[in-house]
Amino acid sequence: MGRDNGTLLLKGKPVRDAVFAELSRLVAAAPRRPGLAVVLVGEDAASAVYVSHKEKGCDEVGFHHVTHRLPADTAQSELLALIGGLNADPAIDGILVQLPLPAHLDQAAVLLAVDPRKDVDGFHPENLGRLVAGSPRFVPCTPKGIVRLLEHYQVPVRGRTVAVIGRSVIVGRPLSLLLSLKGAMGDATVTMCHSRTPDLPRVCAAADIVVAAIGVPRFVTRDFVRAGAVVVDVGINRIDDPGHPKGTRLVGDADYEGLLGHAGALTPVPGGVGPMTIAMLLGNTWEAMSRVEGVHGRG
Ligand code: GUN
């Protein structure tokens, strides 16, 4: 297993590859190909990159996919009409509306318009409600990917304390729920931290596992992490770096270099949580199709 200065690196790529291989195998024997529709509104550069990764992922495992690229000034009614058409399309099992949406659009109304049985992002209130109730259907992809990554590297969660920094509906809040559910990859005691948490470093340094999901480059330093604790870095931030050939580079929400030799285990950026998110999206799309067709198997 890969270590850097004594810290175990929780790399997503091998786990992602295993999930992709299993999905390819399942698709080859399926009654039809699962179909994913991605909706991208506007020109956000990072969103465009994420969407192209999703398209490539679908191609790699043999899923049918369509991407609807809409201009930034798309009206709410147009977007809702598109989602209505995708809800009714039998070739589409999963619908993903890339976030963030331009500010003039009502994000909550858009997420509510997606058929909950096709909501492979798990952001519809019905699916979030099921997660709260302890009987999840679609679990949001990044939290699900983090749990799968910890499971793969046999990082115990049961009975551990976890500090999650960031309360977004995409990562922090659903992850907190997931880790505190009853069961083998739950049973953790979770503290949901955010921008108003007093003395954040002290709260985090008491935890066995620290999850950085705040969108602030290299925010989580040694002060936040007990020696030997596990750090899950969900951030993807592009920063200026004159020493780099491109003049910029990607960093996470955790101070990777500062944590090496201090954290017991750490997810690298890129190559940690990121690859897991796409693998779980494809897994959710497989699940959506298999529910319709009555076939089984987990990606
Ligand atoms: N933007 C950043 N992460 C995500 C995600 O997991 N799903 C969607 N739809 N948008 C995102």
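May I ask for the angle, rounded to the nearest 10°, between helix 45-61 and the longest principal axis of the chain, with both axes built from Cα atoms and the value confined to 0 to 90°?
Tilt of helix 45-61: around 70 degrees.
Rounded to the nearest 20 debye, what is the charge dipole size of the chain about its Cα centre when +1 sits on each Lys and Arg Cβ and -1 on each Asp and Glu Cβ?
Values: 31 positive and 30 negative charges, 165 e Å.
Once rounded to the nearest 20, the dipole reads 800 debye.
Please compute one quarter of the surface area of the Cα convex hull for the chain and express it in square nanometres.
On the way: hull surface 63.0 nm².
Convex hull of Cα atoms, orientation-averaged projection: 15.7 nm².
Which residue, PRO217, LEU179, THR191, has the largest displacement toward the positive end of the dipole of the stretch 170-232 when charges sit on each Cβ (Lys, Arg +1; Asp, Glu -1)?
PRO217
Indicate the gyration tensor shape class of the stretch 14-169 (rounded, prolate or oblate), computed on the Cα atoms with a ≥ b ≥ c the square roots of the eigenvalues: a/c under 1.5 is rounded; otherwise a/b larger than b/c is prolate and the rest oblate. Could you put the intermediate results ahead of the total?
Working: a/c = 1.67, a/b = 1.24, b/c = 1.34.
The shape class here is oblate.
Modelled label-to-label distance, THR221 and ILE239, 7 Å Cα→beta-carbon offset: nm?
Those two pseudo-labels are separated by 1.1 nm.
Under a straight-distance cross-link criterion of Cα-Cα below 21 Å, which lysines are reachable from LYS13, leaving out those fewer than 8 residues away in the same chain?
Partners found: LYS54, LYS56, LYS144.
Just the projected area, averaged over all directions, of the convex hull on the alpha carbon atoms of the stretch 219-271: how many nm²?
Numbers: hull surface 15.0 nm².
Across all orientations, the stretch 219-271 yields a mean hull projection of 3.8 nm².
Classify the stretch 66-136 as rounded, prolate or oblate from the Cα gyration tensor: take a ≥ b ≥ c as the square roots of its eigenvalues, call it rounded if a/c is under 1.5, otherwise prolate when a/b beats b/c and oblate if not. If you can, show how the numbers build up before the last one.
On the way: a/c = 2.31, a/b = 1.43, b/c = 1.61.
Oblate is the answer for the stretch 66-136, as a/c is 1.5 or above yet b/c matches or exceeds a/b.
Report, in debye and to the nearest 20, how large the dipole of the stretch 97-255 comes out about its Cα centre when Lys and Arg carry +1 and Asp and Glu carry -1 on their Cβ. Intermediate results must be reported in sequence, preceding the final value.
On the way: 19 positive and 15 negative charges, 55 e Å.
Taking the Cα centre of the stretch 97-255 as origin, the dipole is about 260 debye.
Applying a 10 Å radius around every beta-carbon, put 120-127, 157-164 in order of their mean neighbour count, most first. Intermediate values should be presented prior to the final figure.
Details: 120-127: 21.9, 157-164: 19.2.
So the peptides 120-127, 157-164, ranked by packing, come out 120-127, 157-164.
Starting from one equal scatterer on each C-alpha and no solvent at all, send me the Debye-based log10 I(q)/I(0) for the stretch 28-99 at q = 0.17, 0.25 Å⁻¹, two decimals.
For the stretch 28-99, the Cα-only Debye profile gives -0.65, -1.17.
When only alpha-carbon atoms are used, what values of Rg and Dmax, in angstrom, describe the stretch 1-51?
When restricted to the Cα atoms of the stretch 1-51, Rg and Dmax are 17.0, 48 Å.
State the antiparallel share, in %, of DSSP beta bridges confined to the chain, rounding to the nearest 5.
On the way: 6 of 35 bridges.
Antiparallel bridges: around 15 percent, rounded to the nearest 5.
With runs of 4+ DSSP H residues as the only contributors, calculate the mean residue ellipticity of the chain at 222 nm using -39,500 (n - 2.57) per run, divided by the residue total and rounded to the nearest 500.
Working: 10 runs with 114 residues, N = 299.
So the helix-based figure for the chain works out to -11500 deg cm²/dmol.
Roughly how tilted is helix 141-152, in degrees to the nearest 10 and between 0 and 90, from the longest Cα axis of the chain?
Taking Cα atoms only, the helix is inclined about 50 degrees.
Across all directions of projection, what mean area in square nanometres is found for the Cα convex hull of the stretch 154-234? Walk me through the numbers before you get to the answer.
Details: hull surface 20.1 nm².
Quarter of the Cα hull surface area: 5.0 nm².
When the Kirkwood radius is taken over all Cα pairs of the stretch 239-299, what Stokes-Einstein diffusion coefficient follows at 20 °C and 1.002 mPa s, in µm²/s? Mind showing how you got there, number by number?
Working: Rh = 14.7 Å.
It comes out at roughly 146 µm²/s.
Show me, for the stretch 189-196, the HN-Hα J-couplings you get by feeding each phi into the Karplus relation (A = 6.51, B = -1.76, C = 1.60, θ = phi - 60°), rounded to Hz, glycine and proline as x.
Computed from phi, the couplings for the stretch 189-196 are 9, 10, 10, 8, 9, 7, 4, 9 Hz.
Values quoted throughout were computed directly from the atomic coordinates according to the rules given, and no laboratory measurement underlies them. Only a predicted model underlies this, so the values are computations on that prediction, with no experimental measurement involved. Glycine also receives a Cβ, built like all others from the backbone with ideal geometry; neighbour counts cover every protein chain displayed.
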